[in-house]
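A short write-up of the structure that comes next.
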């Protein structure tokens, strides 16, 4: 058939598609513009039924009055054949009609092996794009111009003038309508699922313990953990060797006396769980004792009290404070043959506090108070050499326990400090020389090398139930340079500088200066 000749089936297909999409409303007078071949069945009439509430019976009566014989006598309805559902994985609407006919939305149905007239007419002009009478392939369009799968009809992309309706968008003209993308030979294959980009896991919620999206302790949690280990440094600054506490008793007369000393230390601490921090410690002590002469030497028995402050600077911001008030008792034995023994016991009351900014810039504060108790025992033996030189091996053992507490920071962070333990051992070699200046004045410079080993140094802190383990165990080397001077019959002065380097703690400087007055 020539393409210029109007094709009744193509015109009707276009009109039905426009009607189904709601783009055209028919009236009985304009029904014949479709040039539909009478008589029309109920199924075909339902496809062109005008919108606006007109019933099928009224529409049929109007057509019969306008053109007698245009409405067919209704035939008994054919039994409906159930339509199987799509195969698993198949795209809805992409399959062909089941054998033996199908229910078509809008009322059109076909019986096995037979097409209704409307379907036969529609096939004209759809195959090969030239009206060759080929039926449409499965998957390319349902009966009566409806899309496959029984979906509501959609309008074609554009109309093609006299050549009839254009095939769906992307069609190749004479080759007829294309199958849906992803379909098999009959248009019923599986369609490729769209690629879904991977979704990154959501960062962990900020529970106050870790910074959002990281495994790094938040500033408040880190400060709470470090604060618990700061008492370790305070106690070590207070608990020092005999020479740093009372000077050189061998230079003084066998008498009781009073004494005082000031001390300071800076240490950089890495407890392997929280952020590193720097602690600057300063304090003073006052003591008094009485001398008890014995057959082969003397005892000094006394009491001590003092105050220590530790100022903390946390890595990446924030500060903390330790305030310790302590009292203690000591006993020192000095043998005439060079042996000595010194023991001291201290109890402390320590206030800990921190203030840091959290990840949102809000100031967070926390503080608590706890008790501490510690003891130290030091032994040594002095060997003199010609020329007033001497060497003195030393051994010291010290233990400390700092009490923890349960408290809540200002941002609601719950903190449980289980306390800190320490067990120190020190092995040292003290070397010096005496210079006698006459009139009871003696100057004794010295150098001391020591190895200090922390056998414990551990503590547990929980923040919002998350457990953290402080670890300050390990060793360090110490170099101590000092001088002791007897200024006359009653007074003596002493001081020292110390440097220490270790795996957990580095002490760039430590100083002591003291004065003793004997009765």
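Read the figures in this text as sums done on the coordinates, not as results from a lab. Owing to the predicted nature of the structure, the values given are computational and were not obtained by experimental measurement. Positions of Cβ are generated from backbone atoms using ideal geometry, with glycine treated the same way; all protein chains shown enter the neighbour counts.
Just the Kirkwood number for region 220-518, please: inverse of mean 1/r across all distinct Cα pairs, in Å, one decimal. It works out to 20.0 Å.
The smallest convex shape that holds all Cα atoms of region 380-469, its convex hull, gives 154 Å³ per residue. Counting only the Cα atoms, region 325-479 fills a convex hull of 164 Å³ per residue.
Assuming R0 = 45 Å, can you tell me the calculated FRET efficiency for the pair residue 258 and residue 371, based on Cβ-Cβ distance, to the nearest 0.05?
Working: r = 27 Å, r/R0 = 0.60.
According to the calculation, E is roughly 0.95.
Extension gain for the segment residue 443 to residue 325, taken as residue separation times 0.36 nm less the Cα-Cα distance, is 39.2 nm to one decimal. With an a/c value of 1.5 or above and a/b larger than b/c for the gyration tensor axes a ≥ b ≥ c computed over the alpha-carbon atoms, region 212-260 is described as prolate.
When you count, for each residue, the other Cβ atoms within 10 Å and take the mean per peptide, how do 329-341, 242-254, 430-442 rank with the highest first? If you can, show how the numbers build up before the last one.
Working: 329-341: 16.0, 242-254: 21.3, 430-442: 14.0.
The peptides rank, most packed first, as 242-254, 329-341, 430-442.
Over all directions, the average projected area of the alpha-carbon convex hull for region 321-375 comes to how many nm²? Mind dumping the intermediate values first?
On the way: hull surface 22.2 nm².
Taking the Cα atoms of region 321-375, their convex hull projects to 5.5 nm² on average.
Compute the Kirkwood hydrodynamic radius of region 277-370, taking the inverse of the mean of 1/r over all pairs of distinct Cα atoms, and give it in Å to one decimal. Before the final figure, lay out each step's value.
Working: mean 1/r = 0.0617 Å⁻¹.
Mean inverse Cα-Cα distance, inverted, gives 16.2 Å.
Shown for region 426-519 is the translational diffusion coefficient from the Stokes-Einstein equation, using the Kirkwood radius over Cα pairs, a temperature of 20 °C and a viscosity of 1.002 mPa s: 133 µm²/s.
Please report 360, 458, 501 as a ranked list, fewest other C-beta atoms within 10 angstrom at the top and most at the bottom.
Details: 360 8, 458 20, 501 12.
Placing the least packed residue first, the sequence is 360, 501, 458.
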